[in-house]
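Asks: Below is one structure. I have some questions about it.
A short reminder: the numbers here are calculations on the coordinates, not readings from a lab. This one's a predicted model, so the numbers in the text were calculated from it and none came from an experiment. FYI the Cβ positions are ideal-geometry reconstructions off the backbone, even for glycines, and counts take in every protein chain you see.
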Amino acid sequence: MINQNIIILGIESSCDDTSAAVLRDGVVLSNVIAGQKVHEAFGGVVPELASRAHQQNIIPVVDQALKQAGIEKKDLSAVAFTRGPGLLGSLLVGASFTKGFATALDIPMIEVNHLQAHVLAHFIKQDENDANQPQFPFLCLLVSGGNSQIILVRAWNQMEIIGQTIDDAAGEAFDKCAKVIGLPYPGGPVIDRLAQTGDPAIFRFNKPQIKGYDYSFSGLKTSFLYLLRDRLKEDPDFIEKNKADLCAGLQATIIEILMDKLRKASKDLNIKEIAVAGGVSANSGLRKAFEEHAQKYGWKIHIPPFAYTTDNAAMVAMCGHFKYLNQEFCPMDATPFSRTGV
Ligand code: KG4
């Protein structure tokens, strides 16, 4: 690899994680993430509290990322920040910080789409010899709290959403079902843990019948609620007695829904290079399903390291690196946006 010495500081503040990372020529030097515990008591992210926590965290997080990387501010080539989609108040903290920081250092600013960054997390190198990146074209299953999409990736800057959820996202299905059985927020990781001791065959839930590569999770949520409603009438302790099996059945159904469409897209488009990104890709059952599909269908799978599955700034800096090579900088009047596709 040619050493170009491009050093990018990435800033991520789209939801409830404040993160800063430094990448040199695509190799991660640091990736600092400050989560926000304040939302747990509310069972979901409270936008105003998230913005306030970002304000408090952003300077120490950037400071720590630079220190861990052993990089001085004057060595930075550019600063990349998440422009959207996300919570507007949260995004404003990262965007405003970036504007001040880039102006003070007289370095270019790079705007990054959060969803594109999730896909590009696969190109982050652990070290200079890391050559594990996907080959184009590949399919990326992007599954998070806000998105469930199948993306056809032809190049780092050529992405097409070929399927997406028409209602809830996969992470939302995990979180909402977790809430009704009294699990803390975010419910996805808790369901994952409980599912490991449960039997997925005991409770089965509805799978949607939708054309093409689109997803739907609202029917599954309703089917989960109806089962609880009916069984609680017979036994008020039904949830407590069956928690692990309920989690295992729910998780297995969500994974089947995700994999059925992904398998169809892979077959139709004849693409066997398959990646997964977003918070739900931390799920152990989904990772196992990917491995089974690799064995059975000859897929070459790409599952990012844990730290790059949920929101993080290393993926933002990675997108920034690609854009820097293309000299794609953004003007001072770039404003955050809350909603869009890749
Ligand atoms: O990408 P992400 O960090 O950010 C948002 O979209 O906000 O994804 C968060 C989502 C949450 O819904 C969370 O419950 C889910 O990812 N999640 C998981 C697991 N870890 C995180 N879902 C299932 N199993 C997990 N192990």
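Asks: Dipole size in debye (nearest 20) for region 68-120 around its Cα centre, Lys and Arg Cβ +1, Asp and Glu Cβ -1?
Replies: Its charge dipole is roughly 100 debye.
Asks: Which residues' amide hydrogens lie under 5 Å from the amide hydrogen of I110, considering only partners 5 or more residues apart or on another chain, with H built in the peptide plane?
Replies: Answer set, sorted by chain and number: V79, A80, F81, C330.
Asks: What longest region of the chain stays clear of trypsin sites (Lys or Arg not before Pro) that DSSP places outside H, G, I, E and B and that have at most 15 other Cβ atoms within 10 Å?
Replies: After excluding every exposed loop site, the longest remaining stretch is 1-203.
Asks: Still on this structure: Could you give me the ³J(HN,Hα) list for region 219-230, computed from phi with Karplus coefficients 6.51, -1.76, 1.60 and θ = phi - 60°, whole Hz, x at Gly and Pro?
Replies: 3J(HN,Hα) across region 219-230, in whole Hz: x, 5, 4, 5, 5, 5, 5, 5, 4, 4, 4, 5.
Asks: Then there is this: Calculate for the chain the 222 nm mean residue ellipticity that helices alone would give, adding -39,500 (n - 2.57) per DSSP H run of length 4 or more and normalising by residue count, nearest 500 deg cm²/dmol.
Replies: -14000 deg cm²/dmol
Asks: Follow-up. Quick one: helix 88-105 against the long Cα principal axis of the chain, what's the angle to the nearest 10°, folded into 0 to 90?
Replies: 20 degrees
Asks: Check which residues have an amide H placed less than 5 Å from K300's amide H, if you skip close sequence neighbours.
Replies: Under 5 Å from the amide H of K300: E273, I274.
Asks: Straight distance only, please: which lysines reach the Cα of K296 with their own Cα at less than 22 Å, same-chain residues fewer than 8 apart left out?
Replies: K261, K264, K267, K272, K288
Asks: Kindly put C15, C140 in sequence by how many other C-beta atoms sit within 10 Å of each C-beta, fewest to most.
Replies: With the fewest neighbours first, C15, C140 line up as C15, C140.
Asks: Mind giving me the FRET efficiency for R263 and K73? R0 is 35 Å, r the Cβ-Cβ distance, nearest 0.05 is fine.
Replies: Working from the Cβ atoms, E equals 0.15.
Asks: So, one more: Out of D230, D245, D192, any idea which swings most in a Gaussian network model of the chain, alpha carbons joined below 10 Å?
Replies: Of D230, D245, D192, the Gaussian network model singles out D230 as fluctuating most.
Asks: Right, here's the next one. Report the full-extension gain for the segment I59 to Q135: residue separation times 0.36 nm, less the Cα-Cα distance, to one decimal in nm.
Replies: Computed gain between I59 and Q135 is 23.7 nm.
Asks: About the Cα centre, and with charges only on the beta carbon of Lys, Arg (+1) and Asp, Glu (-1), how big is the dipole of the chain? Nearest 20 debye, please.
Replies: Charge dipole of the chain: 540 debye, to the nearest 20.
Asks: Over the chain, what is the relative contact order in percent, taking alpha-carbon pairs closer than 8 angstrom and at least six residues apart?
Replies: Contact order relative to length: 25 percent.
Asks: Right, next: Let me know the shape class of region 138-304, please: from the alpha-carbon gyration tensor, a ≥ b ≥ c as square roots of the eigenvalues, rounded when a/c is under 1.5, otherwise prolate if a/b is greater than b/c, or oblate.
Replies: Cα axes put region 138-304 in the prolate bin.
Asks: Give, in nm to one decimal, the length gained when the segment between A41 and I202 is fully stretched (0.36 nm per residue of separation minus the Cα-Cα distance).
Replies: 54.8 nm
Asks: I'd like the distance between the alpha-carbon centres of region 231-293 and region 111-157, rounded to an integer number of Å.
Replies: The two parts, judged by their Cα centres, are 21 Å apart.
Asks: Sticking with this one: Give me the angle, in degrees from 0 to 90, between the Cα long axis of helix 238-269 and the longest principal axis of the Cα atoms of the chain, rounded to the nearest 10.
Replies: Relative to the chain, helix 238-269 is tipped by roughly 60 degrees.
Asks: Below 8 Å between Cα atoms, with a sequence gap of 6+, how large is the relative contact order for region 138-304 in percent?
Replies: 28 percent
Asks: Quick one: which residues, 5 or more positions from I162 or on another chain, have an amide H under 5 Å from its amide H? H modelled 1.01 Å from N in the peptide plane, none for Pro or chain starts.
Replies: Amide H neighbours of I162: I150, I151, L152.
Asks: Here's a follow-up. Answer rounded, prolate or oblate for region 208-322, using the Cα gyration tensor with square roots of eigenvalues a ≥ b ≥ c: rounded when a/c is under 1.5, else prolate when a/b is larger than b/c, else oblate.
Replies: Prolate shape, in that a/c is at least 1.5 and a/b is the bigger ratio.
Asks: From the residues Y226, G44, I8, which one has its Cα farthest along the dipole of the chain in the positive direction, the dipole being from +1 and -1 charges on Cβ of Lys/Arg and Asp/Glu about the Cα centre?
Replies: Y226
Asks: Which order results if D168, D16 are arranged by neighbouring Cβ count within 10 Å, fewest first?
Replies: Neighbour counts put them in this order, fewest first: D168, D16.
Asks: What are the principal axis extents of the Cα atoms in region 227-291, in Å, biggest first?
Replies: 49, 22, 17
Asks: May I pose another question? Can you pull the percent of Cα pairs in the chain with separation above 25 Å?
Replies: The share of Cα pairs beyond 25 Å in the chain comes to 52 percent.
Asks: Right, another one. Can you sort D235, D260 by how many other beta carbons sit within 10 Å, fewest first?
Replies: Lowest count first: D235, D260.
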